[in-house]
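Everything below concerns the one structure shown next.
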Amino acid sequence: MRLTRFAALAASAALMLGAAACGGGGSSGGSGSDVKKDVKFDAGTTMEALNKAQKIKIGTKFDQPLFGLKGLDGKPAGFDVEIAKIIAGELGIPADKIEWVETPSKVREEYIEQAKVDMVVATYTINDARKQRIDFAGPYYVAGQQILTRKDDNSISGPDSFKDGTKKVCSVTGSTPAKTIEQYLKDKATQLVLFDTYAKCADAVKNKQVDALTTDNVILSGFVSQSPNDFKLVGSKFTQEPYGIGVKKGDTKFRAFINDVLEKIAKDGRYEKAWKDTVGKVDSNTPSAPAVDRY
């Protein structure tokens with residue numbers, strides 16, 4: 001994603017995202033508005049239980065523009081939210097019956113294990129360590145880690161800029177980017193600052209408490225689109241981060257159902273619509289849906 005594009009469209013993007021956030025939780029708006037009627041599921045499956053209950057608890061982020069940002073109505077809006085609404089709709093559950101649960105990076109596995117949520121759609125990178133505790137459907141998007149700095153700071157060009165030990169970088173506790181950036185630091189104890197949300201990291205960059213924020217490029221691009229006079233992206237992506245949907249360990253039927261939905265929307269136009277309704281407000285280059293991994 002090009003910074004010039006985000007800067008040029010920032011003003012209109014803020015208005016569009018605000019409007020989307022105001023209507024993000026209703027059953028009449030967004031890509032997740034189609035609700036299947038009279039659907040039947042095998043007895044004893046998670047799908048049957050959720051359909052009968054006519055409600056679902058979905059974990060997502062509340063602080064990430066374009067993917068999951070809490071709106072004025074108290075409900076999140078973004079690409080993750082639209083994907084989650086589509087899955088709920090395929091279960092026969094309307095969007096206004098979704099209970100959105102804020103799920104910061106450090107508690108995602110815990111919330112799934114403790115049944116505080118039925119699934120997590122929250123810029124959730126699939127990796128082997130997490131697969132020890134939970135299962136993943138997807139991926140539904142592949143991001144890449146990058147660096148955000150203050151717009152007037154030209155001293156950082158990428159992760160190698162932290163190797164001399166003079167710069168501080170912020171990320172989120174329990175996140176893949178926080179772990180990845182450690183290899184570029186001379187002294188983790190003094191250089192790496194961790195918060196529970198990326199919004200706090202962005203504020204720390206703006207207030208010059210730290211020099212940079214690192215996480216996935218699409219998350220950082222959201223902050224740039226909101227504050228183009230304060231922030232910029234530097235360097236290029238230096239990882240691949242496949243986003244998956246977290247479900248309870250061993251719930252293979254639910255995971256297979258979600259994978260089926262992801263494959264279906266990649267072909268019927270709903271994936272593209274979900275992107276255009278959210279991230280596409282500031283970047284119209286709709287990605288191709290990645291192939292799901294039915295491990």
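The values are calculated or read from the model by the stated rules, or taken from the named source; none is laboratory data. This structure is a prediction, so every number in the text was calculated from the model and none was measured. Backbone-built Cβ (ideal geometry, glycine too); neighbour counts: all protein chains shown.
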Would you point out the residue of the stretch 59-74, among those that are surrounded by 22 or more Cβ atoms within 10 Å (Cβ to Cβ) and among the charged types (D, E, K, R), that is nearest to residue 245 (Cα to Cα)? 61
In the stretch 101-133, what residues are among the hydrophobic types (A, V, I, L, M, F, W, C), surrounded by fewer than 24 Cβ atoms within 10 Å (Cβ to Cβ) and not in a helix (DSSP H, G or I)? 101, 115, 126
Does the stretch 218-226 include one or more residues that are among the β-branched types (Val, Ile, Thr), within 28 Å of residue 88 (Cβ to Cβ) and out of contact with any Ser or Thr (no Cβ under 8 Å at 6 or more places or on another chain)? no
When only residues in the stretch 65-81 that are touching a strand residue (DSSP E or B) at 6+ places or on another chain (Cβ under 7 Å) and outside any strand (DSSP E or B) count, which is farthest from residue 258 (Cα to Cα)? 71
Just a yes or no: is a residue in the stretch 251-262 surrounded by fewer than 24 Cβ atoms within 10 Å (Cβ to Cβ) and over 26 Å from residue 107 (Cα atoms)? yes
With respect to the numbered conditions (1) farther than 27 Å from residue 271 by Cα; (2) touching a strand residue (DSSP E or B) at 6+ places or on another chain (Cβ under 8 Å); (3) crowded, with 17+ Cβ neighbours inside 10 Å, which one is the sole condition not fulfilled by residue 198? (1)
Do you know which of the residues in the stretch 177-229 that are at pLDDT below 95 and among the charged types (D, E, K, R) is nearest to residue 241 (Cα to Cα)? 216
Yes or no: the stretch 186-200 includes at least one residue that is under 16 Å from residue 154 (Cα atoms), aliphatic (A, V, I, L, M) and touching a residue at least 40 places away in the same chain (Cβ under 8 Å). no
Considering only residues that are among the small types (Gly, Ala, Ser) and under 17 Å from residue 124 (Cα atoms), look in the stretch 151-195 and name the one that is surrounded by the fewest Cβ atoms within 10 Å (Cβ to Cβ). 174
Only one of (1) surrounded by 24 or more Cβ atoms within 10 Å (Cβ to Cβ); (2) farther than 20 Å from residue 174 by Cβ does not apply to residue 272, and that is (1)
Would you be able to tell me the number of residues in the stretch 247-287 that are in contact (Cβ under 8 Å) with a residue 12 or more places away in the chain and under 20 Å from the mean Cα position of the chain (by Cα)? 25
